[in-house]
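What follows is a single structure, written as structure tokens, with notes after it.
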Amino acid sequence: MKPPIFEYASPLTVAEAVSLLASRNGNAKVISGGQSLMPMLAFRLAAPELLVDLKHLKDLGAIRIGEDGVRLGARVRWCDIESDARLAVSHPLLAEAIKHVAHYQIRNRGTVGGSVAHADPSAEMPGIAMTCDAQMKIVGSAGTRIEAAADFFTGPLQTSLEQDEILTEVHLPAWPAARRWAFLEFARRKGDFAMAGVALYYDLDSGSRITDAHIGAIGVADRPIRLTEAEAVLNGNQMSDKLIAAASAKARQSIDPPSDIHAPGAYRAALVATLLGRGLKKSAA
Amino acid sequence: MQIEFNLNGQAVSADVEPRTTLADCIRNDFGQTGTHLACEHGVCGACTVLVNGEAVRSCLLLAVQVQNDKVVTIEGLSGDELTPLQAAFRKHHALQCGFCTPGFITTAHALLSHEPDADEDRIRDVLSGNLCRCSGYVPIVEAVLEARSSYRDSGSK
Ligand SMILES: Cc1cc2nc3c(=O)[nH]c(=O)nc-3n(C[C@H](O)[C@H](O)[C@H](O)COP(=O)(O)OP(=O)(O)OC[C@H]3O[C@@H](n4cnc5c(N)ncnc54)[C@H](O)[C@@H]3O)c2cc1C
Ligand code: FES
Ligand code: FES
């Protein structure tokens, strides 16, 4: 369990970091919190020539909250989100979901940008980015681009990031105060990766009908996904036990999770239906 | 690469390969073997140390990343006497083989230094990332609960 040989640099600006990445033709890798990359190095699943540490890029460590939503710098750590009391109002879904990420020591190091770039299909932050139509801000040799979460996650541990690109910010659109929401996941042990999880929100129109339902699921596909068919069941209707049952059934039918050592696919599909049902009940309470 | 940091109150320097983890550096370059290594990939918590007062896993950190930082290991928490936290572990039989103990003590120390009023749920939550094969965890939680009073009296340690 020893990492392979590599060089190390800790640049002072994003521009310098990008040029270091660009200088190695794909053989350089960013290290942020290191809480996913270090295990990958220990197992030698990754063997870059050069590690580019973002530790000095303090600008990327800010949580900015404004009229247009919440902007999480790529270097924002789980413990920073946990201790920012503003988020309970500005983005309660984010605050709740991040409570489930990893353990105390890992939460002191692990970052938003690292999690989103790592793109584990069971990870909470990518799930929230997908559910909430987040916009990713990405800086590379070619300049800055903004990409929607739906286009950013491309497969298991895969994203649209180029070798010389750095994710600098995740922007979650503004959160109306009256919005209904829930986040539920199931893991065998607190802090472990979830077997499956569901994030959801919706607004109510003047007739108490559901509008703009967003349901995201983690741990059930090769990337975080939206359950659009279940969303369609909800939109335009008033919440009821019957509606919840119909949305849950639709969610279960619409996914085909892989089986692994932790759980068979059918179990995960049932789990999503159960979590969605509970989440919808909770959101309406 | 040449690095300098503060280890348990002393300014130290070492010439390390970039791939050297902080855990290996502390153990091999400075002979402080109280920081234990088990899984070496972030799942057991045995290697927990404090960097600038925060509990982190030293197997998931490179030595070159702690340049100019303040690192405290289990060796740095007490002199010849047991601290109240360590004494509580002894009183409650919160260890058997003791392999996991440095990781639990450093983690609990960080928690109680920041949150001396942590309740049992919070303590269980924080310790959930540390594995112990011997104790069954209950005595560890009891020990940490008891040690809280010493952190309230004295601020941090
Ligand atoms: C025991 C254990 C349990 C865990 N449990 C959970 C859990 O329940 N839920 C969960 O979500 N996570 C969990 N994690 C993972 C943890 O949250 C990681 O911190 C996170 O996934 C990665 O963040 P990082 O900052 O540590 O990234 P790093 O490990 O530094 O990097 C991860 C990857 O992203 C790339 N990268 C990092 N930052 C950027 C950037 N700004 N731009 C471009 N690329 C970048 C790196 O090159 C690397 O490929 C767990 C980890 C451990 C060790
Ligand atoms: S040895 Fe570091 S967490 Fe297990
Ligand atoms: S006392 Fe033996 S592993 Fe904890």
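The values are calculated or read from the model by the stated rules, or taken from the named source; none is laboratory data. These numbers were taken from a predicted model, which means no experiment stands behind them. Positions of Cβ are backbone-derived with ideal geometry, glycine not excepted, and every protein chain shown enters the neighbour counts. The area values use the complete protein model at the heavy-atom level, side chains included, leaving out ligands, DNA and RNA. Shrake-Rupley method; radii C 1.70, N 1.55, O 1.52, S 1.80 Å.
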Residue-by-residue Karplus 3J(HN,Hα) for region A:69-82, coefficients 6.51, -1.76, 1.60, Hz, glycine and proline x
x, 10, 10, 9, x, 4, 8, 5, 8, 4, 5, 5, 5, 4
Relative contact order of region A:180-284, please, whole-number percent, based on alpha carbon pairs below 8 angstrom and at least 6 residues apart.
27 percent
For region A:1-78 and region A:177-205, compute the distance between their C-alpha centroids and round to whole Å.
28 Å
Extension gain residue A:267-residue A:163, at 0.36 nm per residue separation less the Cα-Cα distance, in nm?
33.8 nm
Where the accessible area of region A:7-53 is counted over protein heavy atoms with a 1.4 Å probe, how much of it, in %, is carbon and sulfur?
53 percent
Quick one: compute the contact order of chain A, relative version, from alpha carbon pairs under 8 angstrom and 6+ residues apart, as a percent.
15 percent
Enter the mean number of other protein chain beta carbons within 10 Å of the beta carbon of each residue in A:97-108, as an integer.
6
On a straight-distance basis, which lysines could pair with residue A:2 in a cross-link, Cα separation under 25 angstrom, same-chain partners fewer than 8 positions away excluded?
A:29, A:55, B:70
Degrees separating the helix B:138-154 axis from the principal Cα axis of chain B, which is the longest one
80 degrees
Answer with one residue from A:32, B:145, B:65: the one whose Cα lies farthest towards the positive end of the charge dipole of the protein assembly as shown, charges on Cβ with Lys, Arg +1 and Asp, Glu -1.
B:145
Before we go on, tell me the buried accessible area for the B/A pair, both chains summed, 1.4 Å probe, in Å² to the nearest 100.
2600 Å²
Report the FRET efficiency, 1/(1 + (r/R0)^6), for residue A:1 and residue A:204, where r is their Cβ-Cβ distance and R0 is 60 Å, rounded to 0.05.
0.70
Let a ≥ b ≥ c be the square roots of the eigenvalues of the Cα gyration tensor of region A:7-53; is it rounded (a/c under 1.5), or, if not, prolate (a/b larger than b/c) or oblate?
oblate
Taking 0.36 nm per intervening residue step and subtracting the Cα-Cα distance, what contour gain separates residue A:212 from residue A:254 on full extension?
13.2 nm
Could you state how much accessible area residue A:195 has, in square angstrom rounded to the nearest 10, with a 1.4 Å probe and all protein chains kept in place?
20 Å²
At 7 Å along Cα-to-Cβ for each site, give me the label-to-label distance between residue A:85 and residue A:154 in nm.
4.4 nm
Run the paramagnetic zone check for residue A:45: 7 angstrom along Cα to Cβ, then residues of region A:154-187 with backbone nitrogen under 17 Å.
A:154-159
From the square roots a ≥ b ≥ c of the eigenvalues of the alpha-carbon gyration tensor of region A:72-173, which class results: rounded (a/c under 1.5), prolate (a/b over b/c), or oblate?
prolate
Test item: A:11-18 mean partner chain Cβ contacts at 10 Å:
0
As a test of the formula, what do you get for chain B when each DSSP H run with n ≥ 4 contributes -39,500 (n - 2.57) and the sum is divided by the residue count, at 222 nm and rounded to the nearest 500 deg cm²/dmol?
-9500 deg cm²/dmol
Charge dipole of region A:59-173 about the Cα centre (unit charges at C-beta), most positive-ward option of A:140, A:72, A:129
A:72
Place a point 7 Å from Cα of residue B:121 in the direction of its Cβ. Which residues in region A:88-109 have their backbone N less than 20 Å from it?
A:88-89, A:92-105
Once the piece of chain linking residue B:2 and residue B:81 is laid out straight, how much longer is it, given 0.36 nm per residue of separation minus the C-alpha distance between them?
25.0 nm
Going from most exposed to least, what order do A:154, B:35, B:83 have by accessible area with a 1.4 Å probe?
A:154, B:83, B:35
Using a basic spin-label model with each label point 7 Å from the Cα along Cα→Cβ, how many nm lie between residue A:58 and residue A:190?
3.4 nm
In peptide B:57-68, how many Cβ atoms from other protein chains are near each Cβ within 10 Å, on average?
5
What does the C-alpha gyration tensor say about the overall shape of chain B? Classify as rounded when a/c is under 1.5, otherwise prolate if a/b is larger than b/c, or oblate.
prolate
Dividing the mean separation of Cα pairs under 8 Å (6+ apart) by the residue count of region B:84-154 yields a relative contact order in percent of 51 percent
How far apart, in nanometres, would the label points at residue A:145 and residue A:67 be if each is projected 7 angstrom from Cα along the Cα-to-Cβ direction?
3.0 nm
Might you tell me the accessible area per residue for region A:47-86, computed with a 1.4 Å probe and given in Å²?
46 Å²
For residue A:99, the lysines lying under 19 Å Cα to Cα, once residues fewer than eight places off in the same chain are dropped, come out as A:190, A:282
Grab the other residues whose beta carbon is less than 15 angstrom from that of residue A:245, score K and R as +1, D and E as -1, and report the net.
+3
Summed side-chain charge close to residue A:84 - residues other than residue A:84 whose Cβ falls under 15 Å, Lys, Arg +1, Asp, Glu -1
+4
For region B:84-154, the per residue accessible area (1.4 Å probe, Å²) is 46 Å²
Counting every Cα pair in region B:36-96, what percent are over 16 Å apart?
55 percent
Can you list the equivalent-ellipsoid semi-axes of chain A, largest first and in whole Å, using the square root of 5 times each Cα gyration tensor eigenvalue?
34, 21, 16
